[in-house]
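Everything below concerns the one structure shown next.
The values are calculated or read from the model by the stated rules, or taken from the named source; none is laboratory data. Given the structure is predicted, the values throughout are model-derived calculations rather than measurements. A quick note on method: Cβ atoms are made from the backbone with ideal geometry, for glycine too, and the neighbour counts reach across all protein chains shown.
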Amino acid sequence: MNSNTGSAEVAQLPMPGIPDVDAGSAVASCCTVEPGTEVLYIGQIGGGPRYGSRGVVKTTLHRKAVVDMGRMGTWHVPYYLLGISSEAA
């Protein structure tokens, strides 16, 4: 039996229209995001913002952030659907 306890590197293939998100260093959480931080929406939920939308954090809560996404409005987004924008990191 072979157990792999090392960290495996996972890479996303670059595709047109899909922004790069470095999940290893751009993890959003209540501890790493503060008001004014630019974030990237990486969720794909019907009725929600478009994938890859950028926004600015207005308020941080325990499990989600209130994000102003400009013309798309203000959304309450769970941290696991947010990445820290590469320009802000």
Residue list for the range 45-62, filter: more than 24 Å from MET15 (Cβ to Cβ) and within 13 Å of the chain's Cα centre (by Cα): VAL56, VAL57
Complete set of residues in the range 46-89 that are assigned to a loop (DSSP other than H, G, I, E, B) and farther than 20 Å from PRO16 by Cα: GLY46, GLY47, GLY48, LEU61, HIS62, ARG63, MET69, GLY73, ALA88, ALA89
When residues of the range 50-89 are limited to those that are closer than 18 Å to GLU34 by Cβ and among the small types (Gly, Ala, Ser), the one surrounded by the fewest Cβ atoms within 10 Å (Cβ to Cβ): ALA89
Extreme residue, farthest from THR59 (Cα to Cα), among residues of the range 15-49 that are at pLDDT 75 or above and loosely packed, with under 10 Cβ neighbours inside 10 Å: PRO16
Meets criteria (modelled with pLDDT of 85 or more and outside any strand (DSSP E or B)) for GLY6: no
